[in-house]
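Scroll down for the structure; my scribbles are underneath it.
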Protein chains: 6
Amino acid sequence: MEIQNETRHARGLRLLSAVDGRGSEEVVAKVAAISPDFARCLVEFPFGDVYARSGLDLKQREIATIAALVALGNALPQFKVHVAAGLHVGLTRGEILEIIFQMAVYAGFPAALNGLFAAQEVFTAEDAKAA
Amino acid sequence: MEIQNETRHARGLRLLSAVDGRGSEEVVAKVAAISPDFARCLVEFPFGDVYARSGLDLKQREIATIAALVALGNALPQFKVHVAAGLHVGLTRGEILEIIFQMAVYAGFPAALNGLFAAQEVFTAEDAKAA
Amino acid sequence: MEIQNETRHARGLRLLSAVDGRGSEEVVAKVAAISPDFARCLVEFPFGDVYARSGLDLKQREIATIAALVALGNALPQFKVHVAAGLHVGLTRGEILEIIFQMAVYAGFPAALNGLFAAQEVFTAEDAKAA
Amino acid sequence: MEIQNETRHARGLRLLSAVDGRGSEEVVAKVAAISPDFARCLVEFPFGDVYARSGLDLKQREIATIAALVALGNALPQFKVHVAAGLHVGLTRGEILEIIFQMAVYAGFPAALNGLFAAQEVFTAEDAKAA
Amino acid sequence: MEIQNETRHARGLRLLSAVDGRGSEEVVAKVAAISPDFARCLVEFPFGDVYARSGLDLKQREIATIAALVALGNALPQFKVHVAAGLHVGLTRGEILEIIFQMAVYAGFPAALNGLFAAQEVFTAEDAKAA
Amino acid sequence: MEIQNETRHARGLRLLSAVDGRGSEEVVAKVAAISPDFARCLVEFPFGDVYARSGLDLKQREIATIAALVALGNALPQFKVHVAAGLHVGLTRGEILEIIFQMAVYAGFPAALNGLFAAQEVFTAEDAKAA
């Protein structure tokens, strides 16, 4: 790992923490156990290169990501990470449910329903942690 | 058409106009020429029922829709309508490009590139109208 | 909730019951526990507005829905609801398997195989209820 | 080409003609000019093996295929072939529009709108031929 | 079943065994328990007609299939069968992880991450069998 | 642009040239005219970070990419770039057609047919250049 990558890496870790709190450290560790290179890339490209950009604030970025992951429909684990991240950067539960509802228009009701149930699992887990 | 549907319809037309300016009147007219029922539904459900809800402002709604349409990748005509709508409700070109860029992470570079070129077509058309 | 929505709502509930028997009451209740508005919309738009239309009978509508949900491939819970609904409106198990088989041509073998296994789960559950 | 394949091939050609009239002969010829093996396979597997099966009639098969191709959203040329095929096996224009409308529920409005416009192109071409 | 189909069938079984070792016999048996016709077709078309062709060796075919199944993202059970098949025809674990990594570029990080975790499950199961 | 990025950038440009010959310089320039940052990222992440990795040779990488882009089905412009790239790194036309044929199994015939026609456009353009 060259020094310049460490700089991207540090920036990536900082953004990852700003976005997800502790949640995605786990994901990164789980990836690193299989492929350290892919784990490094996961920190550096999405977070160090993209989320670190100005132009959108983190709340706006999470609106975009949550919408896209509902629409894609094949990435429920990542969707749940970003529901937690959305709450972490200041979206309310109501706003997240509203994004999911809107996706019924663009990606159909099955995608929206699966998003709704997955979001509820995240909310329930947060409630359990808070209790 | 029952009176209660006209109420949803009026609300839908108001939202449609708030979101798209004149752009989607054309789409509705084009749909109505094929299926008046589907045109009415297009006004009433996405706009009268969903966009009319509180919980997200129109700018946030367009961030979600633009992100989803890039990610889905199979709806470039609708994507272009919503790029124009995004500008209409106050997103900047830079913010729209930023949403598209972010989608490279979630939906891959081909989807993002197709979004980028389609957005540019909208920007160019707006410039031509402004000239 | 305005009176006109209750009318759509009542029509939606009637269609939902015609299509799914008791099956989707559960889904609606599960959705309502998270978002009452989305639950109402789920009754009113797909069932009150779309399934209630003339032009296709319920058996033809379920052929279309089952085919689409196999092809989309990311909505197995909804697919299973509609396999049960298909049986409820008069499709035979053989006809449902035939739709799934045909989807191997249009959406590929993995989508068809996942549909086949999910349909079998529904058939097995129906057998258990009948026993 | 072995004799047994010719049997599948003959059955495939018979079904292809029953489904599409002259329309897909063109498609097969266009494919054969690039890959004769793929053209033969296109006749033999989808038509000789699948459409030739009993269990669904051709009208039901076209309902399933039209629904799936709207939902998949990335196959408009094939969708248009099957809109023409649907008319050929006895679906009305109204029934085809109804299938497309229903797909707004399962695959979202953009997919349904693209299907609607593509179907209209087929209807217009049929009118021009009839004139 | 006609004699000519048995020939395709025998060729399909031979290829299936060359590709998957014992793994997909299970899949075929599981399919046959639901639909014997679909099971026969699963042997004959993908394996008897396609994998049996010259033009690509089995290692190249598995690179293509593994890449496509990561990208499609809605077929994890089939993806896992083909990770095992890839190992069986001589791809290394490192090569399989590399294909998955590359898919982050074309289908996005969520699809790649889901592929990574599913591949790891296959590797772990192979280790357990070898122990 | 920091020095370390130039290193990734230089590596990206080298790989891009190894993969695509002159073809994707055009794509990069077209992207840079809209978003210089996205153009730089397109060079650095897919080519500088991913294609530059050892573990698969460029021919194997193009097999994976061509397969994925056929399967995704919503990225024909990028698919055509990679058909040209595949030829550039040593795949034969027959091998490319074979990958596309195989995708009929995994992503369905419409996706494979669209890939076939798009590949033929690339072959025809190459013939015209060679003439």
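Bear in mind these aren't lab numbers, they're just calculated from the coordinates by the rules spelled out. All values reported here derive from a predicted model rather than from experimental measurement. Virtual Cβ from ideal backbone geometry, glycine too; neighbours counted across all protein chains shown.
For the stretch E:76-117, report the % of Cα-Cα distances exceeding 14 Å.
46 percent
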Exercise. On alpha-carbon atoms, Rg over Rh for the stretch C:14-76 using Kirkwood Rh?
Worked result: 0.98
Seminar exercise, completed: Under 5 Å from the placed amide H of D:GLY108, counting only residues 5+ away or on other chains, we find A:GLY108, A:PHE109
Problem set entry | Principal semi-axes in Å for the protein assembly as shown [√(5λ), Cα gyration tensor, largest first] | 35, 35, 27
Exercise. Under 19 Å from the Cα of D:LYS59, which lysines turn up, not counting those fewer than eight places away in the same chain?
Worked result: C:LYS59, D:LYS80
For this session: Step through the residues of the stretch C:89-101 one at a time and calculate ³J(HN,Hα) from phi using the Karplus curve (6.51 cos²θ - 1.76 cosθ + 1.60, θ = phi - 60°), rounding each to whole Hz and writing x for Gly and Pro.
Result: 8, x, 6, 8, 4, x, 5, 5, 4, 5, 4, 4, 4
Problem set entry | Projected label distance in nm at C:LYS129 and B:LYS59, using a 7 Å step from Cα toward the beta-carbon | 5.0 nm
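How many partner chain Cβ atoms sit within 10 Å of a residue's Cβ in peptide C:117-127, on average, as a whole number? List each step's numbers first, then the result.
Working: counts 5, 0, 2, 5, 0, 0, 1, 1, 0, 0, 0.
Mean number of neighbouring Cβ atoms from other chains: 1.
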Problem set entry | chain C: mean projected area of Cα convex hull, nm² | 8.4 nm²
Problem set entry | Binned Cα-Cα distances of the stretch D:3-47, short to long, each 5 Å bin given as a whole percent | 6, 26, 32, 25, 10, 1
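Between C:ALA29 and F:ALA52, what is the FRET efficiency for a Förster distance of 60 Å, r being their Cβ-Cβ separation, to the nearest 0.05?
Details: r = 53 Å, r/R0 = 0.89.
The formula returns an efficiency of 0.65 here.
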Problem set entry | Pairs of alpha carbons in the stretch A:56-131 whose separation is greater than 14 Å (percent) | 54 percent
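What value, in deg cm²/dmol to 500, does the helix sum -39500 (n - 2.57) over DSSP H runs of n ≥ 4 give at 222 nm once divided by the residues of the protein assembly as shown? Walk me through the numbers on the way to the answer.
Details: 42 runs with 608 residues, N = 786.
Dividing the helical sum by the residues of the protein assembly as shown leaves -25000 deg cm²/dmol.
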For this session: Find, among the GluC sites (Glu not before Pro) in the stretch C:1-83, those assigned to loop by DSSP (not H, G, I, E, B) with at most 15 other beta-carbon atoms within 10 angstrom.
Result: C:GLU2
